[in-house]
Amino acid sequence: MKKSISKIFGLAILSLTMITTSCSSDDSGDTPGNDDDNPGGGSSFVVNREDLKGDINDGNVVLESGTYKLTGKLVVKAGATLTIKPGVKVEATALVAGQFEAVRYIAVSQGAKIDVQGTSASPVVMTAAVQSPGAWGGLVICGKAPINKGASATAEVSELSYGGAVANDNSGTIKYLRIEYSGYSYNADKEFNGLSLFGVGNGTSIEYVQVYEGSDDGFEWFGGTVNAKYLVVTNKGANVGDDLFDWTEGWNGTGENWYGIRTNAGNRGIEADNNSNNHLATPISSPNLKNVTLIGAGSNDTSSESQALKLRVGTQGIFENFVLKGWKTGFDIQHDESVGYVGTSLKATRVKFEDVTVKSKGTKTDATAADVSAVFTEDNTATGAGNGTATPTWAQGWTVGM
């Protein structure tokens, strides 16, 4: 068929444009780091599938498919985005003991974004070559939402700034993500969690995330306003410790459909603080949680901190539809401020206890006992995360170790 000269010329220009804007392809036929399918412009960051590390300073870096070896810290800087496609695995390589400067982790700075695009059939997996708790750092996100540690602060891991006055700050979207073997520890006071949320705003979306066999807390909120749904923490390894969920520094988000289980000698289901230096610091930690199941180690529990919920140093919280099983204490409430909130801004409705030795325990700041039984109302029809103590329907298929 004959073509006009103008059409032929146009096709030639298009071909030349495609050649000059492309770079070498990976083994899937796609170009790692190329954002042709994502708005926002290209990035100067060069993706090396076998050596993923460094600072993403601009554009939208896309991890397309297959496995990427995380060989150091990967930091997304302000104005840049890290997009991770369904089914991608990011695997932290082994770290020689004491090489603190080479700790593997992923961090999202203030003003940057992460876009995890996992699906139920193809979740994104962040894991480690050494399949042992604490093998790598995990995922850290720092936003501009309010905290009560000051106008801003520096994250205990990653050394990035966080906090501010932007309640609806947007650090991106996370959906269907599994974080395995996280929780690297520099020392007793400086440890990574599975997912660490520092001053993250409620413009951020977090849904369907599992932290599997991490050595510190599964999820921890340091202030902020971010909401989180469909979270799972699974701790069954003998050397896994600390809490399933944790918040401090004035977190004021919502949580819905959380399922946490530990069968080892770790610590609590939830550890909740406001501010340990100033129990009345504002904003006061006061999340709303509903549909939660927390399972402890039961009669085999040797931990001295076997509490389903430890609520202290001025935290508030409204809880609904909880199932608590296998803990020495259900609600352990400490310090005058938190004790004083009991029944008003610190209370739980529709709570079902199974194999819980002491349902509630209160301790004032001076270490004397307090009656905090008004913190909960029982309801044996409570379903918790959906199926009581059984694996929730929404957690089936994309999680492991359940």
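The values are calculated or read from the model by the stated rules, or taken from the named source; none is laboratory data. Quick caveat, the model's predicted, so the values are computed rather than measured. Heads up, the Cβs are rebuilt from the backbone with ideal geometry, glycines too, and the neighbour counts pull from every protein chain shown.
Among residues of the stretch 296-323 being at pLDDT 95 or above and not in a strand (DSSP E or B), the one that is surrounded by the most Cβ atoms within 10 Å (Cβ to Cβ) is Thr315.
Scanning the stretch 114-144 for residues that are in contact with a Ser or Thr (Cβ under 6 Å, 6 or more places away or on another chain) and either free of Cβ contacts under 8 Å to residues at least 24 places away in the same chain or among the small types (Gly, Ala, Ser) (or both) turns up Ala129, Gly134, Gly138, Gly143. So is Gly163 in contact (Cβ under 8 Å) with a residue 40 or more places away in the chain and either within 21 Å of Tyr230 (Cα to Cα) or surrounded by fewer than 23 Cβ atoms within 10 Å (Cβ to Cβ) (or both) or not? Spelling it out, it is not the case that Gly163 is in contact (Cβ under 8 Å) with a residue 40 or more places away in the chain and either within 21 Å of Tyr230 (Cα to Cα) or surrounded by fewer than 23 Cβ atoms within 10 Å (Cβ to Cβ) (or both).
Okay, residues lined up against (1) surrounded by 15 or more Cβ atoms within 10 Å (Cβ to Cβ); (2) of a type in the set (Val, Ile, Thr); (3) over 16 Å from the mean Cα position of the chain (by Cα):
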| position | (1), (2), (3) |
| --- | --- |
| Glu91 | yes, no, yes |
| Val96 | no, yes, yes |
| Tyr105 | yes, no, no |
| Ala121 | no, no, yes |
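Before we move on, is Asp355 charged (D, E, K, R) and not in a loop (DSSP other than H, G, I, E, B)? Yes: the conditions hold for Asp355. Exactly one residue out of Asn187, Asn170 is without any contact (Cβ under 8 Å) to a residue 24 or more places away in the chain and surrounded by fewer than 24 Cβ atoms within 10 Å (Cβ to Cβ), and it is Asn187.
Among the residues of the stretch 310-327, those identified as free of Cβ contacts under 8 Å to residues at least 60 places away in the same chain and farther than 17 Å from Ala369 by Cα are Gln316, Gly317, Ile318, Phe319, Glu320, Leu324, Gly326, Trp327.
Selection of first residues in the stretch 291-304 that are on the phi < 0 side of the Ramachandran plot and of second residues that are of a type in the set (A, V, I, L, M, F, W, C) and in a loop (DSSP other than H, G, I, E, B), restricted to Cβ pairs under 8 Å at least 6 apart or on distinct chains, gives the following pairs, ordered by first then second residue: Val292/Ala385; Thr293/Ala385; Leu294/Leu244; Ala297/Ala265; Asp301/Ala265; Thr302/Ala265; Ser303/Ala265; Ser303/Ala297.
Just one of (1) surrounded by fewer than 18 Cβ atoms within 10 Å (Cβ to Cβ); (2) in contact with a helix residue (DSSP H, G or I) (Cβ under 8 Å, 6 or more places away or on another chain); (3) not in a loop (DSSP other than H, G, I, E, B) fails for Asn387. It is (3).
Here Asn277 meets each of (1) closer than 23 Å to Asp169 by Cβ; (2) free of Cβ contacts under 8 Å to residues at least 12 places away in the same chain with one exception, condition (1). The condition of being modelled with pLDDT of 50 or more and under 30 Å from Lys144 (Cβ atoms) does not hold for Val96. One residue stands out among those in the stretch 147-189 that are of a type in the set (Ser, Thr, Tyr) and in a loop (DSSP other than H, G, I, E, B): the one that is farthest from the chain's Cα centre (by Cα), which is Ser152. Only one entry of Asp379, Asp336 meets the criterion of being of a type in the set (Asp, Glu), touching a Ser or Thr at 6+ places or on another chain (Cβ under 8 Å) and over 26 Å from Asn278 (Cβ atoms), and that entry is Asp379.
Do we have Gly326 as among the small types (Gly, Ala, Ser), over 22 Å from the mean Cα position of the chain (by Cα), on the phi > 0 side of the Ramachandran plot and part of a strand (DSSP E or B) here? Against the criterion (among the small types (Gly, Ala, Ser), over 22 Å from the mean Cα position of the chain (by Cα), on the phi > 0 side of the Ramachandran plot and part of a strand (DSSP E or B)), Gly326 qualifies.
A residue that is farther than 22 Å from Gly260 by Cβ, without any contact (Cβ under 8 Å) to a residue 60 or more places away in the chain, surrounded by 14 or more Cβ atoms within 10 Å (Cβ to Cβ) and small (Gly, Ala, Ser) can be found somewhere in the stretch 354-366. For the stretch 160-187, a residue qualifies if it is within 18 Å of Phe245 (Cα to Cα) and of a type in the set (Gly, Ala, Ser), and the qualifying residues are Ser182, Gly183, Ser185. Report whether or not Gly134 is small (Gly, Ala, Ser), surrounded by fewer than 24 Cβ atoms within 10 Å (Cβ to Cβ) and at pLDDT 95 or above. No: the conditions fail for Gly134. Only one entry in Thr282, Thr293 is surrounded by fewer than 23 Cβ atoms within 10 Å (Cβ to Cβ), of a type in the set (Ser, Thr, Tyr) and either assigned to a strand (DSSP E or B) or out of contact with any helix residue (DSSP H, G or I) (no Cβ under 6 Å at 6 or more places or on another chain) (or both), namely Thr282.
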